[in-house]
Amino acid sequence: MGGQSAGTQPSGVETIQKLCDRVASSTLLEDRRDAVRALKSLSKKYRMEVGSQAMEHLVRILQSDRSDSEILGYALDTLYNIICNEEEEEQDDGQRRQEDDVGVQFADKFIQDQENVTLLLSLLEEFDFHVRWPGVKLLTALLKCQCAQVQGIILISPMGVSRLMDLLADSREVIRNDGLLLLQQLTKGNAAIQKIVAFENAFERLLDIITEEGTSDGGIVVEDCLLLLLNLLKNNSSNQNFFKEGSFIQRMKQWFQLGEESGGGWSAQKVTNLHLMLQLVRVMVSPVNSPGATASCQKSMFQCGLLQQLCTILMATGVPADILTETINTVSEVIRGSQVNQDYFASVNAPSNPPRPAIVVLLMSMVNERQPFVLRCAVLYCFQCFLYKNHKGQAEIVSTLLPSTIDAQSISAGQLLCGGLFSADSLSNWCASVALAHALHDNSNQKEQLLRVQLATSLGKPPISLLQQCTNILSQGSKVQTRVGLLMLLCTWISNCPIAVTHFLHNQENVPFLTAQISENLGEDERLVQGLCALLLGICIYYNDNSLENYTKEKLKQLIEKRIGKENFVEKLGFITKHELYSRAAQKPQPTFSTPEHMLFDHEFTKLVKELEGVITKAVHKSSEEEKKEEEVKKTLEQHDSIVTQYKELIREQDAQITELKEQVSALVCQKEQMDNTITQQQSQIQQHKDQYNILKLKLGKDGAVSQADVQVNGVQLEELTALRLELEELRTQHTLLQTQLTEKDTLINSLKAEAAQSAERPAPASENTELLKEVESLRVQVQSQQDEISQLQSERQELQRRTQTVSGSSSDGESAKLRELEKRLTTQTTETHRLQEELRTHSESRTQLEKELAAANSTVVILQTEKTKLQQEVGESKKEQDDLLMLLADQDQKILFLKQKLKDLGEPIEDEDDLDARDQSDEEDDDEEEEDDE
Amino acid sequence: MAYAYLFKYIIIGDTGVGKSCLLLQFTDKRFQPVHDLTIGVEFGARMITIDGKQIKLQIWDTAGQESFRSITRSYYRGAAGALLVYDITRRDTFNHLTTWLEDARQHSNSNMVIMLIGNKSDLESRREVKKEEGEAFAREHGLIFMETSAKTASNVEEAFINTAKEIYEKIQEGVFDINNEANGIKIGPQHAATNSTLSGGQGGQQAGGGCC
């Protein structure tokens, strides 16, 4: 307590030190929280101290106490207080700057570690209001102090910008609104961030918010949205393209649907909002954008009715001058260089009685001294934009001055311009001159037309031409602004138009006036006029067609040399571009002047000067000798020209001949082509025939092959044959098996015989035994004969096989017959074997001792039997297949006959050709021979 | 100008593989042999028709240079489709595909359709990467694959449209949440209106917001 009374300053420092220690060392969250809260309350009063001592501790809190939103909130608030520069309190500039420096210094310290910004970004994901809100404010403050650096850190932190975009979706308005301010700072001058923000659907979100908030009637939130939109679109062609492609221009239209309002219904906020809305439209169609982009935006602005809406505001009553001016500027840029929009603008009428064209109404304001200066400039700009690249509009304006089309009843644009040209107000003079000059730019037709314009002067005197009147006023020595205006008009008028130059020179007073102006040594104010006079005289030389005796190029140059001096002339000419206001006007089309006195140069005129300065200087510097040389060159050129013409004639003749010959050639080529075509057709026909023959031949070949039962040609038959062979092979092996079994049986019987012999010694069954023996003997004979048969069969089969391989039509029949025979024999064999078995069985019954051995023999025979049955079946199958084969052969025989018939029908020559082909192919030789044999 | 759906695409891949030329060929139907390096990201748009429906494609063409990588990463999240481009005459651009793919998978939503594109197919004589290699890479990573030539316009149209078809099919299958704009898909104005009338009273509010 005592310390506090001794002096606040040291006490503050001490307290802060103590609090910092507590924040750093206390283990209790409550303690730390209280300390940070105390730091927060001191942070405004002792900003410097808290900032320098506590920042590290506060950052540590942000890192480690993530779970407690309250302490996070206090820490963020404290950081905000030390970094943010309060704008509320009014302070003198010196102190203010110092405070700003403090903020920047602390911001610097904070972002020195990039991690701190990343940490702050992650805290913004915290939904808790106590964290998010101060977080948003702190980041905004950081951006305000160290914009580029913080932008850089956010840009490279993953999803950094996207996360900040999420703030616009926050349901708590305070956060959304402060999010808008944050995004405003974030997008300042950083195209990369602007694009990401746009990519994250910013346009949609912002336009939605603007609509929700009541568009122009909305509060400062609408203004913030509009400022952010401006940030995103200004000088960012990619985003502008996205805005256009996203059909957002169409959504701008509703901004300008202003209800019928009473005169005083324009709040300051509404004026601000509308002003920004108009600026946004202008950003999209700015003359500095690429012409293609601007043109497509202009197109969609007309198509969606935005231009029409703006024109309604233009003609409405009770619109504040500020808004009206900006609307005129906006309309100007929406129509500039776009024929459709310019045509529409020309058709707009003011709701007056009788209705007057909007152009006329606007021009009335331009030449009206009482209208605000900026408004008059805006109208001039509008008029310029209306005539920019618009020959039709230029013709319409000039025609209102021509005798044939003049309408005395109503006020016309031309009348207003002439009125302005010769009024007492120098600003009107200047504006009208420039406006009229714009009706002549790049349009030599209208330059000539305007020469026809005659003005009625006071009664009794003859009418005077517009050109004459302009020079008259010029020579009367009026204000600089007036004379500059008129000189610019004259320069534009007679440049690139020799007839106008002749008209100008026809007035005897003009050239002496100009030379006098240029040669005189006048004050600073008059330098520009001198320069313009030099330019005008220069144009008279450069675009001179030498039709006036006294003022040919040569004579005018001599005049300059005598009266002014070449160097002097060029120096005076240079006064124009050296003027301080010249470069400003050259920058952009819109006439903007800080004061009415500065209204001297027109943008289009600066282009003309740039174009002419060089060529005029050259033209003046050229000596008469050089000119003569040039003339000589020209003459020789003309001679050359005549030679060239002769040659040209010759070439033309030859050309004609060539054309004739070419025609002949093409006719011949045509004929040749026709011939070629017929040849090709015939060739293809021949080819077709050949193909047909080949097909037939092929078929014939196949059939021939089958007719001989040569299975090689037919794959299927080949397979069948192979199968047959296999079966035969099997049969053979089975027979071998059978044979061996029979041999076994033989040995068995022999052993039985031996036993029988032994048993014969016993008396009782001896007779029976001998009988048995006999039977066995006979059986053996039978078996022997069977064996013989089998071997015969085998040999027969082998023969069959051989025959199948060599293959002949007739042999297949024989083979099948043999097979059938074979089959029969086999059947007899089997039956005989059966019998044998039965006999053996009866023997075994009577002879029980031999029973066992016989049973063994029996089982072997059973196996033999089944195998035989199998064999039999297989033979049956093979027989069937053989039958099928026979059938097939018969079929094919018929086919061959049929085909042969066909061939005969087709005639003999074909057969010959066929034979020729056949001889080439050795494979087919046999077949062909066969065919011949068949025939 | 009315569309049924709006899809956001990004084009990624090494510098000089022809990303900007592909976009220019698709949106303007022309080829620019000399193209400035893309700074950051550029935007292009075109309308196409799939299944009789008008679909608007908004395409962000990214800078391939390493220094812009952190900027271009910000575009992955909001895209429904990505064209991953390499140059068939430069093997290194093919070798870097894995890095690109990892980056894309890490920062995008999982349903993003990725189309692998081998560009400059007109330069057959200078080819360094076989078509089969591209196909194999695509198969391995579940991508659609095509070889294109921004110069001759071969397959350019198909590349953009096939990607859109894939997205469209995913929508039909209900894989994409079309109400979440962060997926890079938006329903057209009239469609939103019909949807909301179907879904009843609650949707009416959305339609009000979407129409204006």
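Compute the FRET efficiency between B:D51 and B:E128 as 1/(1 + (r/R0)^6), taking r as their Cβ-Cβ distance and R0 = 45 Å, and round to the nearest 0.05. Display every interim value, and only then the final one.
Values: r = 38 Å, r/R0 = 0.84.
Efficiency, from the Cβ-Cβ distance: 0.75.
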Within straight-line cross-link reach of A:K628, lysines at Cα separation under 19 Å, skipping those fewer than 8 residues along the same chain: A:K553, A:K555, A:K557, A:K566, A:K618
Pair A:T645, A:R803: separation of 7 Å Cα→Cβ label points (nm): 11.1 nm
Members of segment A:124-156 that become less accessible by 40 Å² or more once partner protein chains are added (1.4 angstrom probe, chain alone as reference): A:L155
Shielding score for B:72-82, defined as the mean number of other chain Cβ atoms within 10 Å: 4
Residue pairs, from the table A:K253/B:K19; A:K195/B:K56; A:K44/A:K109, whose Cα atoms sit over 30 Å apart: A:K253/B:K19
0 to 90° range, to nearest 10: angle between helix B:201-211 axis and chain B longest Cα axis: 50 degrees
Helix axis angle, B:189-199 relative to chain B longest principal axis, alpha carbon, degrees: 50 degrees
Cα-based shape type of segment A:341-466, given that a ≥ b ≥ c are square roots of the gyration tensor eigenvalues and the cut on a/c is 1.5: rounded
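Just the accessible area per residue of chain B, please: how many Å² with a 1.4 Å probe? Mind showing how you got there, number by number?
Working: 9400 Å² over 212 residues.
On a per-residue basis, 44 Å².
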Helix axis angle, A:47-64 relative to chain A longest principal axis, alpha carbon, degrees: 10 degrees
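Work out the mean other chain Cβ neighbour count within 10 Å for the residues of A:244-255 and drop it here as an integer. Working shown, then result.
On the way: counts 2, 11, 6, 6, 0, 0, 1, 1, 0, 0, 1, 0.
Shielding by partners across A:244-255 averages 2.
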Inter-probe distance in nm under a simple model that places probes 7 Å from Cα toward Cβ, at A:Q112 and A:Q865: 11.6 nm
Selected from A:Q590, A:L487, A:Y543, residue furthest toward positive end of dipole (segment A:480-604; charges at beta carbon): A:Y543
Threshold 20 Å², segment B:32-55 residues less accessible with all protein chains present than alone (1.4 Å probe): B:V41, B:E42, B:F43, B:A45
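Using the heavy atoms of the protein chains alone and a 1.4 angstrom probe, what is the accessible area of chain A per residue in square angstrom?
On a per-residue basis, chain A sits at 50 Å².
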Accessible area of chain B belonging to carbon and sulfur atoms, whole % at 1.4 Å probe: 49 percent
Chain A - mean residue ellipticity at 222 nm from DSSP helices (-39,500 (n - 2.57) per run, n ≥ 4, rounded to 500): -25500 deg cm²/dmol
Residues along segment B:97-142 losing 30 Å² or more of accessible surface when the other protein chains are present rather than the chain by itself (probe 1.4 Å): B:H107
Part-to-part distance (alpha-carbon centres) for segment A:25-75 and segment A:484-510, which is given in Å: 79 Å
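Just how large is the dipole of chain A about the Cα centre, in debye to the nearest 20, putting +1 at every Lys and Arg Cβ and -1 at every Asp and Glu Cβ?
Working: 95 positive and 144 negative charges, 1614 e Å.
Computed about the Cα centre, the dipole is about 7760 debye.
Between B:D177 and A:S666, what's the calculated FRET efficiency when r is the beta-carbon distance and R0 is 56 Å? Round to 0.05. Can you show the working numbers first?
Details: r = 68 Å, r/R0 = 1.21.
It comes out at approximately 0.25.
At R0 = 45 Å, how high is the FRET efficiency between A:T595 and A:V104 if r is their beta carbon distance? Nearest 0.05 is fine. Please list the in-between numbers first.
Numbers: r = 37 Å, r/R0 = 0.81.
Efficiency, rounded to the nearest 0.05: 0.80.
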³J(HN,Hα) computed for each position of segment A:586-592 - Karplus, 6.51 cos²θ - 1.76 cosθ + 1.60, integer Hz, glycine/proline x: 6, 5, 8, x, 5, x, 10
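Do you know the relative contact order of chain A, to the nearest whole percent, from alpha carbon pairs under 8 angstrom that are 6+ apart?
The value is 5 percent.
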Accessible area (Å², 1.4 Å probe, nearest 10) - A:E839: 50 Å²
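With the Cα gyration tensor of the protein assembly as shown in hand, give its eigenvalues times 5 under a square root as the equivalent ellipsoid semi-axes, listed largest first in whole angstrom. Could the numbers behind the result be given before it?
Values: eigenvalues 2179, 621, 136 Å².
Output for the protein assembly as shown: semi-axes of 104, 56, 26 Å.
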Buried solvent-accessible surface, both chains (B, A), 1.4 Å probe, Å² to nearest 100: 2100 Å²
At 1.567 mPa s and 4 °C, Stokes diffusion of segment A:487-582 via Kirkwood alpha-carbon radius, µm² per second: 97 µm²/s
For segment A:633-692, convex hull of alpha carbons as volume per residue, Å³: 70 Å³
Beta bridge orientation in the protein assembly as shown: antiparallel %, DSSP, nearest 5: 45 percent
Positive-end residue, the protein assembly as shown charge dipole about Cα centroid, Cβ charges, pick of A:G477, A:N353, B:V129: A:G477
Partner lysines for A:K389 [C-alpha distance under 26 Å; skip if fewer than 8 residues away on the same chain]: A:K234, A:K244, A:K299, A:K447, A:K588, A:K607, A:K610
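The values are calculated or read from the model by the stated rules, or taken from the named source; none is laboratory data. As the structure is a computational prediction, the values presented were derived from the model and not from experiment. With ideal geometry, Cβ positions are generated from the backbone for all residues, glycine too; neighbour counts draw on all protein chains shown. Heavy atoms of the whole protein, side chains included, go into the accessibility calculation; ligands, DNA and RNA do not. Shrake-Rupley method; radii C 1.70, N 1.55, O 1.52, S 1.80 Å.
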